[in-house]
Each structure stands twice: as C-alpha cells, then as structure tokens.
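Engineer: This is the structure I want to talk about, given as structure tokens.
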Amino acid sequence: MQHKGIHIYNARILTPEGWIENGSLCSKDGLITRITGSAWVRTGESEEYEQVDARGGMLLPGFIDLHVHGGGGYDAMLATEDQLQGMCRFHAAHGTTSLLATTLTAAHDEIIQSLECAGQFIHPERSPDGANLLGIHLEGPFLNPARCGAQNPEDLREPSIEEFEAFWAASQGSIKLMTIAPELGHAEEVIRHAVCRGVVVSLGHTDADFAVMQSAVEWGASQVTHLFNGMKPLHHREPGAAGGALILDPLAVEVICDGVHVHPDLMKWIFRAKPEGKVLLITDSMCAAGCLAGEYVLGKLPVRMRQGKVYLKQEDRTEGSLAGSSLTMIEALANAVRFTGMDIADIVPALTVHPAVQIGAAAAKGTIEPGKDADLVLVNEQFKVLRTFVRGRQVYACEEELQ
C-alpha cells in the first residue's frame with residue numbers, strides 16, 4: 001500500500017530564501033514536491049495527502065546531529081538494534097531527523113561489534129520510525145591520553161591504518177566522520193587514508209599545538225570535535241588546538257551549546273570568528289539525556305547526572321571531567337538564539353545545512369526545497385517540538401498538539 005503524502009499548511013516555512021508566511025508544503029514518496037505561500041488543496045488530489053494544520057508554527061529543516069552517543073536511556077555502544085532504534089526515536093522527539101551514531105574508545109572487539117550493528121541498521125529503504133541513522137562517527141580510540149576526558153584511557157592507542165580498515169569493514173563503509181588526535185604517531189598516514197575513503201576527519205581529544213593543527217589541515221582534516229573541550233586551550237603565545245580551530249578557516253567546529261561545555265558569552269564570538277558554514281551545533285548526548293538525575297555508565301566509566309550536567313563519578317563524590325551531555329538539538333537551537341541574540345534563521349543552518357554539507361548529504365538534506373527529502377520539524381515560538389517528519393512520514397507528534 002502506497003503511503004499518503006503530506007500537506008502541511010498555515011506554517012511559517014524557513015527556506016534558503018527566507019521565511020514564507022502562512023505557507024504550505026506538500027511531499028510525496030518522501031520528497032518535498034511543492035512549497036507555496038498559501039494553503040493548497042486541489043479537488044481529486046486532496047485525499048491523497050494527510051492534512052496537517054501547522055497553526056502558525058515554524059516549519060524548519062530537520063536537525064542533523066553529527067555527534068550523539070545515545071539518549072532516552074539508549075546507548076549506541078550497546079550494539080543492538082533496539083538500542084539504536086530507541087535513541088533514534090528519542091532524538092526525533094526533539095527535532096533530530098538524521099544523526100551519526102557515535103562510538104567511544106573501547107577494546108577493539110567492542111568497537112567492532114558496535115560498528116557491525118550500526119552498519120547493519122543503516123538501510124535507506126527502511127520505513128522511518130525515528131531519526132534516520134545516516135552513518136557512524138568514530139570517536140576513539142586514536143586519541144591523546146592527556147586530553148581523553150571521559151574516554152577510557154586504558155583503551156586508547158596510536159592510530160593504525162590496519163585497525164581503521166578493520167573498523168571500516170565492520171561498518172560496511174558507513175563511517176562518515178572520525179575524531180583523531182593529529183599529534184599521535186602514524187596520525188598523518190591514517191588521516192590521509194581515511195580522507196581517501198571519503199571520511200571527514202575531525203581533530204579532537206588532542207594536545208596538538210598550532211603547527212600540528214596547520215599540518216593536519218594539509219593532510220585533509222576539515223573539522224574539530226567539540227570546540228574547547230578535550231583539547232589544548234588557546235594561549236596568546238601558542239594558539240594550541242583551540243586557537244587553531246578558530247584561526248584555520250577550512251576547519252568546521254562542533255559546539256555543544258548547553259551553557260556548560262562552552263560559556264554562553266563565547267557563542268556569539270564563535271559565530272563571528274568562523275566563516276559562514278563552519279559552525280556545527282551538536283549534542284554529544286549520552287544515554288542519560290531525557291532521563292532522571294542519577295548514576296549511569298558511559299562506556300566503562302561510571303558517571304553522574306545532576307541538574308542536566310553529566311560528570312565522571314569520582315570516589316570522593318566530587319565532579320570529574322564532563323562526560324558528554326544531556327542536551328537535545330531543539331535545546332541547542334533555543335540556547336544559541338538566547339545566548340547570541342541572533343535571529344533563529346541565522347542559527348538554524350548550524351543544525352541543518354552546514355552539517356549536511358560537512359558529511360556530503362546536502363543534495364538530499366538540510367534545507368526545505370522541492371526535490372529534497374521531507375525531513376521536517378514543526379516548532380512553536382517557545383521552541384517546543386510539535387511534529388517531526390522523516391522522509392515524509394510523521395515519526396513524532398506532541399500529544400498536546402493532537403488534541
């Protein structure tokens with residue numbers, strides 16, 4: 001049975017050309033087919049479409065999260081279809097329509113198992129039942145122990161083309177993004193090799209100085225993992241990894257916009273410092289996102305979540321390193337607008353088209369245009385997600401919205 005198209009009307013639609021007030025959008029077979037400035041109903045065709053009254057809400061491109069470990073109690077490293085499906089459903093309820101399942105540093109066999117599961121889960125023909133799993137972000141094990149943060153130091157190791165190839169095979173070629181510390185031995189060879197495979201290389205958990213960051217860009221690196229976190233900080237006589245991230249224009253920077261990982265007043269400066277398209281808002285969320293405060297596990301490391309902040313658990317009960325976040329993408333958007341004072345239309349690309357461009361998915365995703373995937377999120381003025389659509393199918397609806 002062919003699935004009905006959707007007709008969303010009475011919406012403020014954000015397109016690449018700007019807002020369309022009281023707009024209407026139609027999709028069929030998973031693709032956006034028509035966008036107009038008024039409701040569209042044609043006799044004989046209207047019954048082919050599910051009618052959705054947006055009630056004046058904002059219709060935005062679906063969010064694309066390039067760095068997400070879990071959420072809603074689910075964890076990508078647990079390597080089951082139920083875990084992946086659960087985290088995809090959870091994040092869809094918060095506006096995410098595409099994501100990269102992100103690994104953690106672990107033993108070789110544990111990473112292989114996680115990659116195999118994710119690789120098998122990625123099927124373009126699968127009917128959406130949550131956010132679309134676009135691929136894998138390999139974060140670890142090629143990281144610097146000096147900047148490991150919440151990555152298990154016992155399992156860190158030097159980069160190896162042989163191990164990367166084992167990971168690549170296990171993932172069925174689904175690794176889209178890899179975090180690596182460029183100062184490690186053999187990092188140059190692995191970076192160049194990964195880039196030849198079509199993998200976006202991101203510099204992170206690194207103690208690199210500015211010169212090494214410059215070299216890494218020459219080797220093909222084009223991104224920085226969670227700016228300011230897990231890296232050598234900026235110094236006026238040695239810009240370090242953080243300075244390199246800001247100074248080197250080819251590098252796009254991930255930012256965890258929760259007001260904890262990066263000071264709120266720095267957010268506007270980051271948008272000013274980086275060229276257009278080079279700021280990527282991510283969650284770095286772990287399994288506790290959306291759950292009650294308490295104790296959880298990140299990889300093999302015990303963590304504690306309190307007031308939405310996730311830290312490594314210390315024996316003396318003090319707070320250790322930050323251990324991912326409990327952030328969602330809709331919260332990242334709301335925070336960025338509040339922290340910077342910028343217009344929502346100027347922030348949205350950092351959650352949509354810019355990450356799509358970064359991983360080569362912009363032909364199908366990231367903007368609301370005819371011919372692109374109908375990945376959409378309907379949001380009210382209070383930044384509450386009302387509905388989420390993935391390839392033209394509603395995968396989330398707020399119960400209040402349906403009443």
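FYI, it's all coordinate maths here, none of it is from the lab. Note that this is a predicted model, so its numbers are computed, not measured. As a convention, Cβ positions derive from the backbone with ideal geometry for all residues, glycine included, and neighbour counts pool all protein chains shown.
Engineer: Which trypsin sites (Lys or Arg not before Pro) from segment 182-238 combine a DSSP loop assignment with at most 11 other Cβ atoms within 10 Å?
Structural biologist: Values: sites: ARG192, ARG197, ARG237; in loops: ARG197, ARG237.
Passing sites in segment 182-238 are ARG237.
Engineer: Give the range of the longest stretch in the chain that excludes all GluC sites (Glu not before Pro) found in loop regions by DSSP and having at most 13 other beta-carbon atoms within 10 Å. Write down the numbers at each step before the final one.
Structural biologist: Working: sites that count: GLU17, GLU45, GLU125, GLU276, GLU315, GLU381.
In short, 126-275.
Engineer: Sort segment 62-358 into rounded, prolate or oblate with this rule: let a ≥ b ≥ c be the square roots of the eigenvalues of the Cα gyration tensor; rounded if a/c is under 1.5, and if a/c is not under 1.5, prolate when a/b is larger than b/c, oblate otherwise. List each step's numbers first, then the result.
Structural biologist: Values: a/c = 1.20, a/b = 1.04, b/c = 1.15.
It comes out rounded by the Cα gyration axes.
Engineer: Per-residue HN-Hα couplings for segment 100-113, Karplus 6.51 cos²θ - 1.76 cosθ + 1.60 at θ = phi - 60°, whole Hz, x for Gly and Pro?
Structural biologist: 10, 5, 10, 7, 10, 4, 7, 5, 3, 5, 5, 5, 4, 4
Engineer: Of the beta bridges DSSP finds with both residues in the chain, what % are antiparallel, to the nearest 5? Can you show the working numbers first?
Structural biologist: Details: 38 of 73 bridges.
Of the beta bridges lying entirely in the chain, close to 50 percent run antiparallel.
Engineer: Once you put a point 7 Å from the Cα of LEU31 and another 7 Å from the Cα of GLU154, both along the Cβ direction, what distance in nm separates them?
Structural biologist: 5.2
Engineer: Right, here's the next one. Return the calculated 222 nm mean residue ellipticity for the chain, to the nearest 500 deg cm²/dmol, obtained by summing -39500 (n - 2.57) across DSSP H runs with n ≥ 4 and dividing by the residue count. Could the numbers behind the result be given before it?
Structural biologist: Numbers: 11 runs with 100 residues, N = 403.
Helix contribution divided over all residues of the chain: -7000 deg cm²/dmol.
Engineer: Same structure, new question: Given H placed 1.01 Å from N in the peptide plane, which residues other than close sequence neighbours of LYS313 have an amide H under 5 Å from its amide H?
Structural biologist: Residues meeting the criterion, in which the H sits 1.01 Å from N, are VAL303, ARG304.
Engineer: Just to be sure I follow the rule: in the chain, considering lysines 8 or more places apart or on different chains, how many pairs have Cα atoms under 15 Å apart?
Structural biologist: On the way: LYS4/LYS28; LYS28/LYS372; LYS268/LYS278; LYS300/LYS313.
Close lysine pairs under the 15 Å cut-off: 4.
Engineer: Shifting gears a bit: Go through segment 57-152 and name the trypsin sites (Lys or Arg not before Pro) that are in a DSSP coil and have 16 or fewer other Cβ atoms within 10 Å of their Cβ. Don't skip to the end; give the middle numbers.
Structural biologist: Numbers: sites: ARG89, ARG126, ARG147; in loops: ARG126.
Passing both the DSSP loop test and the Cβ count: ARG126.
Engineer: Could you calculate the contour length gain from ASP346 to LEU266, that is, 0.36 nm times the residue separation minus the distance between their Cα atoms, to one decimal place in nm?
Structural biologist: Working: separation 80, 0.36 × 80 = 28.80 nm, distance 1.67 nm.
Taking ASP346 through LEU266 to full extension adds about 27.1 nm, to one decimal.
Engineer: Provide the gained length on full extension for the span GLN214 to THR80, in nm with one decimal, where the gain is 0.36 nm per separating residue minus the Cα-Cα distance.
Structural biologist: On the way: separation 134, 0.36 × 134 = 48.24 nm, distance 3.91 nm.
Stretched fully, the GLN214-THR80 segment lengthens by 44.3 nm.
Engineer: Next up: Let's test the formula: R0 of 51 Å, r as the Cβ-Cβ distance of ARG55 and HIS186. What FRET efficiency results, to the nearest 0.05?
Structural biologist: On the way: r = 56 Å, r/R0 = 1.10.
Here the calculated transfer efficiency is 0.35.
Engineer: Within 10 Å, count the other beta carbons around each residue, average over each peptide in 56-65, 382-391, 264-273, and list them highest first. Let's see the in-between values first.
Structural biologist: On the way: 56-65: 25.6, 382-391: 21.1, 264-273: 15.6.
Peptide ranking by packing, descending: 56-65, 382-391, 264-273.
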